Every structure is written in C-alpha cells, then in structure tokens.
Amino acid sequence: MKKLKTLLAATFKEFNPRRYLKMDEIELENKQNGVAYRFAQRIDIVDMLAIERDVYDGEVPWTFSHFEHEIVQNENAFFIVAEIDQKVVGFIGARVTDKGKKIHLSNLAVLKKNQNHGIATTLIKQIVRLSKHLGKMQMTLEVRRDNTKAQGLYRRNGFQTEHLMPSYYEDGGDAIWMIKKLRNDVDD
Ligand SMILES: CC(C)(COP(=O)(O)OP(=O)(O)OC[C@H]1O[C@@H](n2cnc3c(N)ncnc32)[C@H](O)[C@@H]1OP(=O)(O)O)[C@@H](O)C(=O)NCCC(=O)NCCS
C-alpha cells in the first residue's frame, strides 16, 4: 500500500482527494497511447469550457460554476481529464447518487480534432474501473435521443437503454436514460 501511495503521490501531485471516495487509494491507468488521464482540478475548467465551445458550436451547457461545483465543492462528484502535451483535450464527469450505491455520468466531451482515437472510450473505462473499485453496483447516464454517436459509444461500453425521458431538456429535446450494471468479477 505504501508503494501505491508513493506512486499516486507522484502521479497526482496536486490532487485533492475526495475523502469519502478514498480516491487516494485508487489508481488510474494514467498514460495510454500518448494521452495522460488524471483527476481534474479547478485550473482545468478554462480548458474544459473551451472543449464545450468546440463541440457545441460555441455554446457552454455547463458554465464555469457548474464545473467548479462538481470539481471543488461537491464531495460526491469528480471529473477526470485527458491530456496531450499538457493540454486538456477531453473530460468525463461522475457523481455518486442513490445514497452512494450508483455512479451517474454527468458530462463527457472530447475536442473535435482529438475525436475518434478512443479517448472517450478510455475515459469511460477509467470511471468503470474506479466505480468497481469503489464497490458501486450500477452506472447511469442520460443522453439526447438524437445523439446517436454518444449512444453508440455507451452501448459499446456496456450501457443499455432503460427508458425514454420525453422533453427532458430545456429546448424540449428528449433524453434516453441508460444504465450499466457493474460486475466486479468481469474486466471491461
Ligand atoms: C461523444 C464523444 C465524447 C466521443 O468521443 P471520442 O473520443 O471521439 O470517442 P471514441 O474515439 O472513444 O469513439 C468514437 C469513434 O471512434 C472509433 N475509435 C475508437 N478508437 C479508435 C481508434 N484508435 N482509431 C480509430 N477509430 C477509433 C470508435 O469505434 C467510435 O466509432 P463510431 O463513432 O463510428 O461509433 C465526442 O464525439 C464528443 O465530444 N461529442 C460531443 C459531446 C457529446 O455528445 N457528449 C456526450 C454527451 S451524453
């Protein structure tokens, strides 16, 4: 355990562990195919907003304070970022729900120019590993009904459609609620 802690200290120098999640005992696969994965910090929010603007045609569905709440204030939430040459190119957010039993994916995006290289897939896998490590039984998420690209990604990563949520979004768009059961004996 001491060796693991030393390794983690070196990997996440400025990481401020969410105590209740015991994240200081959790190891991310921190470098894959030239992309580094680490827990997000407040300083990353500017880059995360730029990613949102890039993928949502200038819009920012999540503002600075939304991200700040989930990264700094809400102890039930965290983000992981993907970094290439010290530039954040993607992120995934998660939140513990249902009295700690489930993990809800709150947000996911990858800069357009870095898409289709498996970064979102790896970000999801990181959260799956982490959730299993934390003993969670289920992951949930909602996705726009017309976002077929994201739905395909989630299906490939073991999520199944649970139900439709009509007019879920402010603009009247429908959402699909998806779930993934976690089995600790299976690696995925
Ligand atoms: C959805 C999104 C996060 C996917 O990010 P991504 O990093 O491109 O995802 P991946 O690379 O893991 O997978 C995307 C595709 O690349 C393919 N791929 C994965 N690794 C690959 C590789 N090494 N080489 C070539 N293709 C690869 C996947 O098979 C997938 O193919 P498909 O789209 O035809 O099904 C990204 O498109 C995005 O930011 N969209 C806007 C925001 C959004 O919709 N977020 C989800 C909200 S719920």
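Taking the options E75, E70, name whichever one is of a type in the set (D, E), crowded, with 18+ Cβ neighbours inside 10 Å and not in a strand (DSSP E or B).
Result: E70 is the single residue among E75, E70 that is of a type in the set (D, E), crowded, with 18+ Cβ neighbours inside 10 Å and not in a strand (DSSP E or B).
If you check K136 against the conditions, is it within 15 Å of D44 (Cα to Cα) and basic (K, R)?
no
Quick check, is A109 in a helix (DSSP H, G or I), within 9 Å of the ligand (Cβ to nearest atom) and surrounded by 20 or more Cβ atoms within 10 Å (Cβ to Cβ)?
Answer is no for this residue.
Within the stretch 150-174, can you find the residues that are under 21 Å from F91 (Cα atoms) and surrounded by 11 or more Cβ atoms within 10 Å (Cβ to Cβ)?
Once the filter is applied, which keeps residues that are under 21 Å from F91 (Cα atoms) and surrounded by 11 or more Cβ atoms within 10 Å (Cβ to Cβ), the stretch 150-174 yields A150, Q151, L153, Y154, R155, N157, G158, F159.
Can you name every residue in the stretch 123-136 that is in contact with a helix residue (DSSP H, G or I) (Cβ under 9 Å, 6 or more places away or on another chain) and over 26 Å from N33 (Cβ atoms)?
K136
Any residue that is buried (at least 17 other Cβ atoms within 10 Å of the Cβ), touching a residue at least 60 places away in the same chain (Cβ under 8 Å) and within 11 Å of the ligand (Cβ to nearest atom) - is there at least one of those in the stretch 142-149?
No: zero hits.
Just need a number here: residues in the stretch 83-106 that are surrounded by fewer than 23 Cβ atoms within 10 Å (Cβ to Cβ), farther than 17 Å from K132 by Cα and not β-branched (V, I, T).
5
Show the residue pairs that are 6+ apart or on different chains and have beta-carbon atoms under 9 Å apart, the first residue being within the stretch 114-136 and over 22 Å from I84 (Cα atoms), the second being part of a helix (DSSP H, G or I) and modelled with pLDDT under 95.
From the stretch 114-136, the pairs are H133/E25; L134/L21; L134/M23; K136/L130.
Do you know which residues across the stretch 119-141 are exposed (fewer than 15 other Cβ atoms within 10 Å of the Cβ) and more than 11 Å from the ligand (Cβ to nearest atom)?
Answer for the stretch 119-141, where residues must be exposed (fewer than 15 other Cβ atoms within 10 Å of the Cβ) and more than 11 Å from the ligand (Cβ to nearest atom): G135, M137.
The values are calculated or read from the model by the stated rules, or taken from the named source; none is laboratory data. Source: prediction; values computed, not measured. We place every Cβ from the backbone using ideal geometry, glycine too, and count neighbours over all the protein chains shown.
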